[in-house]
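Each remark here refers to the structure printed beneath this line.
The values are calculated or read from the model by the stated rules, or taken from the named source; none is laboratory data. Bear in mind the structure is a predicted one, so any value in this text is a computation, not a measurement. All Cβ positions, even for glycine, are placed from backbone atoms using ideal geometry, and neighbour counts span all protein chains on display. Keep in mind that these areas ignore ligands, DNA and RNA; they rest on the heavy atoms of the full protein, side chains included. Shrake-Rupley method; radii C 1.70, N 1.55, O 1.52, S 1.80 Å.
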Amino acid sequence: MADPSTLSFKVSPVSPLAPDRRYVARKFYGRFMAGLITVAALVGVSVLWIILGYVIVRGAPAINLDFFTQRPLPYGEVGGGIAPSITGTLLILAVAALIGVPVGLGCGIYLAEYGRGSVVEVIRFCSDLLAGLPSIVVGVFVWAILVRQVVGNFSGIAGAVSLAIIMVPIIVRTVEAVLLLVPYTLREAALALGVPKWRMVISVVLPSARAGIITGLVLSVARAGGETAPLLLTTLGNQFFSWNLLEPIGAIPIQLYNYAVAPYPDWHTKAWGSALVLISVIGILSTAVRVATRRQNR
Amino acid sequence: MTTRDVENEIASPASWTVQGPPIFARRGGVGADDVFKWLVYITAFAVPAVLVALFILLVIDAWPALERFGLGFVTSSNWDNVKEQFGSLPYIYGTVVTSLLALLIATPVGVGAALFVTEYAPRPLRVPVSFTIELLAAIPSIIFGLWGFFVLTPIMRSTVEPFMKSAVGPLPVIGSLFQGPSVGKDLFTGGVILSIMILPTIVSISREVLLAVPTMQREGMLALGATRWEAIREAIIPYARVGIAGAAILGLARALGETMAVTMVIGNSSRKITGSLLTPGYTMASAIANQFTEADNPLYFSAIVGVAALLLVVSAIVNVAARLMIWQISRGVAKGGTRG
Amino acid sequence: MTTDRPETTSRRSMVARLSATFAGAAFLAACGAEAEPAKAPAAPTAAAKAEPTKAPAAAPPTAPAPAATGAVAITGPFEGEAKTLTGAGATFPAALYSKYFNEYNKLTKVEVNYQSIGSGGGIKAISDQTADFGATDSPMTDAQLKEAKGGEILHIPMALGAVVATYNIPGLETTKLKFTGETLAAIFLGTITKWNDPKIAADNAGVKLPAEDIVSIHRSDGSGTSFVFTDYLSAVSAEWKTKVGASTTVNWPGGVGGKGNEGVAGEVKQTPFSIGYVELIYAVQNKLGVGLIKNKAGQFVEPNLAGVTGAAAAAAGKVAPDLRVSIVDQDGAATYPISSFTWILAYKQMTDAAKATALTRLLWWGTHEAQKFNGDLGYAPLPAEIVTKGEAMIKSITGAGKPAFPGK
């Protein structure tokens, strides 16, 4: 191809655009591949709608007032709800955010504003590794430290810490990326006014990257909210309302799992219902983020 | 104020340091600037600290089993609590087989979808299509598991697996992958559910990589009279090859660690390894999920933590490999920010 | 007994039938346990099942506070006891415990969080002290007892149950298949692979067995149900004993794993031509096929409370002082061979006095008043002599050095 002499031989004596048999075959083949590629995209898009469809259709019958206000009933009895799991998930997530957000934010600020040279590389690398860590391994780690040693029993705080560990790398990555997008001129202007660096970061850099940071935070909370594996090892679950972080606390994903694997049809409906609640919460969060970021882009 | 050293450069905010004691420091012993700086440093170093602590702790807990079985821990396929023999090969095998199967299914579909978005789709369709597929990533693992448990498994058992057995089963070599009763909860179903879960990873990264291919590249090819597919095959794919491989490997990294969805469809059985995909099995992650809280004797516990340590190391290696590959292409394009 | 065919397989009617049949056993135990005029509670429970879901609200059972012969009864909240308790372990009695603890909450406002993670998990949780009590149907081994962090562990029996062979064969939903221990072992060893295998057919003359592959389903977690089942298979099959053995987690030669009794029942229900083993109630509640098992006396016995109680009676003489005992494969013509006690595990010396008080009260209630729930849910009540031994154990528990049980 690269050799001009070969190229010149390929030039058709008639017109290069004249449709010959080879051209038709090539064109047909191109169409065929375009078809395959479209099908691939179609498959990718429809999988989401199929799964969402199932969750909505099978979960909707479970949704009623009891579902949000009652606690689960004994085995085989019809009725009850997932209220302790909802409050439990909210509590665990709030505590996880309380731990994870400052750490993630701080680490992101370090990477964008303070760190230099190879230390930045190392920390960024560690953060990426943490992001790729299987969540079950995080659960094993937190079990070994908090459940076995520090707290001494299955507890809400152990679950919150494992979720925080999952949240941190997501926050770090977004925060670093959006902070680097803040124009340097803003920083210069602030410093030139005699503002110390910490004031510059807090009152100038962070506010101008606000929407992006919030995106990262919400994404991390959404991701942590659906985590199940580490919670199974750390918070255990609870069919009663519990606000004590040093004791086991219920969580929607655990309740969903317990409902799903049990052999009672009513519990299966409740499993789908729990899935619907979980997806709705995540969906609302994601949509909110999308709206917020779009506003910032304009 | 005049002591600020700004003449050097403005390229990186990290280099803007204050020369001499900052003004706030002079007033009270430790300046707010220092406090803030140290807070930021502490949080930053918490990240590697957690990682190191995690690794050390797992190795300590896993040590009795690793010491007792040595290399046999990864080469033996006998996992027997009664006889206190722990070889994790069936779990490693289950993880490898399901992940590779997932890649085999998800890579063509994912790259195809990414090509559709970047090369074929009419402009108004581009964002919705890629957004919809990437939304898959937001669905929690447990919900894939729920769907797999109640919807996919019966379909696999009654339709897909009998079909594969009759269509592929009689063939030599590859046929041996589809032997035995159709249970529905087996490595095959595990691979299928994983392929759905890693699809968004592959789509979003291949899309970024494809977008990084210079427009000149494809325009040049089209100008030579190539069809659109030929332009993709000859000009775009070779250019993006490494990045796409990186996308696939990042998908692999996700597949390796997936727990709940796989646990609910893989059959959870430590039986001996067979060649057939229609065998119920375990992945490393699902073995941990099922057995961790119940390992009621010390060696058994140590062995299951050993599986966790192994999973940690493997997923770290795969992650690093993927990032290196993606980093290589984004550097080649001289365009930052293609990371993750 | 074996001729008893269920034409109506509705869950309620089966449960009602079960409880009606064995109300006698329940009576005996209840009366023996405490010489109280306890006829009142037993009758309503059998009737209560007729009207669905409406649990008897604990009002009738607690109302007749027994005043007889120094009887101790838990009648309401107690000042100074912990308001929450966490337990983890066996799924075998989980259906019963979830009923117990729901009622107990109404009675005393104490919230007992019980998570059915498997007997192995219960043993591990109590050894590591990650829960207030554990639950198991596989007695802890001496080595496990030695490993426990908090000192001496007590095994307090709560109920007796049957592990049944449950199957899902389309077309044979109402047929009760007969199994010997050897055929069960062979099925789970993978040496019998088809439902129409001559060995199965030999015991089931007249039944048209399908020529389908058997999918065997076992527990994926550490399970007391597995222990009872494998303990039985080891007792009846030498091949099983040498190849696999008995434990909460064995290396299953084949098949699919499900998590918990619930999980195995769910898998069996979902998988045609499958066979699994679960506690009786899980099969009954799900209208799954339940097999008859050949006992030591050569009779094919349907799993039920009389059969289990028979096994307990046969083993009663052999019960060790610490109440750790296996009652599989006992003598007696009506004895169901795959039976077991289920225990709650608690430390003898507890550090938290409030929790110790709450736990001892719970255990007392569980081994006395709560036994009336057993029959309805397919578990046999404890024999009187076991209850008496349990009482002594409960009274021996101390909280922060002082006896924990307040006596009411």
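Can you work out which of the residues in segment C:237-265 that are free of Cβ contacts under 8 Å to residues at least 12 places away in the same chain and part of a helix (DSSP H, G or I) is least open to solvent (accessible area, probe 1.4 Å)?
Within segment C:237-265, the match that is least open to solvent (accessible area, probe 1.4 Å) is C:A238.
Out of all the residues in segment A:263-274, is one or more touching a His at 6+ places or on another chain (Cβ under 9 Å) and not in a helix (DSSP H, G or I)?
No, segment A:263-274 has no match at all.
Of the residues in segment C:266-288, how many are modelled with pLDDT under 90 and small (G, A, S)?
2
Let me confirm something: among B:P90, B:P122, B:P64, B:P140, which residue is more than 17 Å from the chain's Cα centre (by Cα) and within 30 Å of A:V45 (Cα to Cα)?
B:P122
Give the number of residues within segment C:273-315 that are touching a residue at least 24 places away in the same chain (Cβ under 8 Å), under 13 Å from C:A380 (Cβ atoms) and surrounded by fewer than 24 Cβ atoms within 10 Å (Cβ to Cβ).
The total comes to 2.
If only one of A:P265, A:P230 is out of contact with any Lys or Arg (no Cβ under 6 Å at 6 or more places or on another chain) and surrounded by 24 or more Cβ atoms within 10 Å (Cβ to Cβ), which one is it?
A:P230
Would you confirm whether or not segment B:302-318 contains a residue that is open to solvent by less than 10 Å² (accessible area, probe 1.4 Å) and at pLDDT below 90?
No, segment B:302-318 contains no residue that is open to solvent by less than 10 Å² (accessible area, probe 1.4 Å) and at pLDDT below 90.
For (1) at the interface with chain B (Cβ under 8 Å from one of its Cβ atoms); (2) touching a strand residue (DSSP E or B) at 6+ places or on another chain (Cβ under 6 Å), each residue gets a yes or a no:
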site: A:V201; (1), (2): yes, no
site: A:P207; (1), (2): no, no
site: A:G212; (1), (2): no, no
site: A:T215; (1), (2): no, no
site: A:N238; (1), (2): no, yes
site: A:P253; (1), (2): yes, no
site: A:K270; (1), (2): no, no
site: A:S280; (1), (2): no, no
site: A:V289; (1), (2): no, no
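Among the numbered criteria (1) touching a residue at least 12 places away in the same chain (Cβ under 8 Å); (2) open to solvent by 30 Å² or more (accessible area, probe 1.4 Å); (3) not hydroxyl-bearing (S, T, Y), which single criterion is violated by B:P128?
Condition not satisfied by B:P128: (1).
Keeping to segment C:178-215, report how many residues are out of contact with any Ser or Thr (no Cβ under 7 Å at 6 or more places or on another chain) and closer than 14 Å to C:S274 by Cα.
10
What residue, of A:Q239, A:Q255, is open to solvent by less than 40 Å² (accessible area, probe 1.4 Å) and part of a loop (DSSP other than H, G, I, E, B)?
None of the other options fit; the residue is A:Q239.
The conditions are (1) facing chain B (nearest Cβ under 9 Å); (2) more than 19 Å from B:P48 (Cβ to Cβ), and A:G152 fails exactly one of them. Which is it?
(1)
So which residues in segment A:121-149 are under 19 Å from the mean Cα position of the chain (by Cα), of a type in the set (G, A, S) and within 7 Å of another protein chain (Cβ to nearest Cβ), if there are any at all?
Listed by number, the residues that qualify are A:S127, A:G132, A:S135.
Does segment A:70-78 contain any residue that is surrounded by fewer than 20 Cβ atoms within 10 Å (Cβ to Cβ) and more than 19 Å from C:K99 (Cα to Cα)?
No, every residue in segment A:70-78 fails to be surrounded by fewer than 20 Cβ atoms within 10 Å (Cβ to Cβ) and more than 19 Å from C:K99 (Cα to Cα).
State yes or no: is B:G251 at pLDDT below 90, surrounded by 24 or more Cβ atoms within 10 Å (Cβ to Cβ) and under 27 Å from A:F32 (Cβ atoms)?
no
Tell me yes or no: at least one residue of segment B:237-247 is at the interface with chain A (Cβ under 10 Å from one of its Cβ atoms), in contact with a Phe, Trp or Tyr (Cβ under 9 Å, 6 or more places away or on another chain) and open to solvent by less than 40 Å² (accessible area, probe 1.4 Å).
No, the conditions are met nowhere in segment B:237-247.
How many residues are open to solvent by 10 Å² or more (accessible area, probe 1.4 Å), part of a helix (DSSP H, G or I) and not hydroxyl-bearing (S, T, Y) when one looks only at segment A:134-171?
12
Hey, among A:T185, A:T234, A:T228, A:T215, which residue is out of contact with any helix residue (DSSP H, G or I) (no Cβ under 8 Å at 6 or more places or on another chain) and β-branched (V, I, T)?
Criteria check complete, one pass: A:T185.
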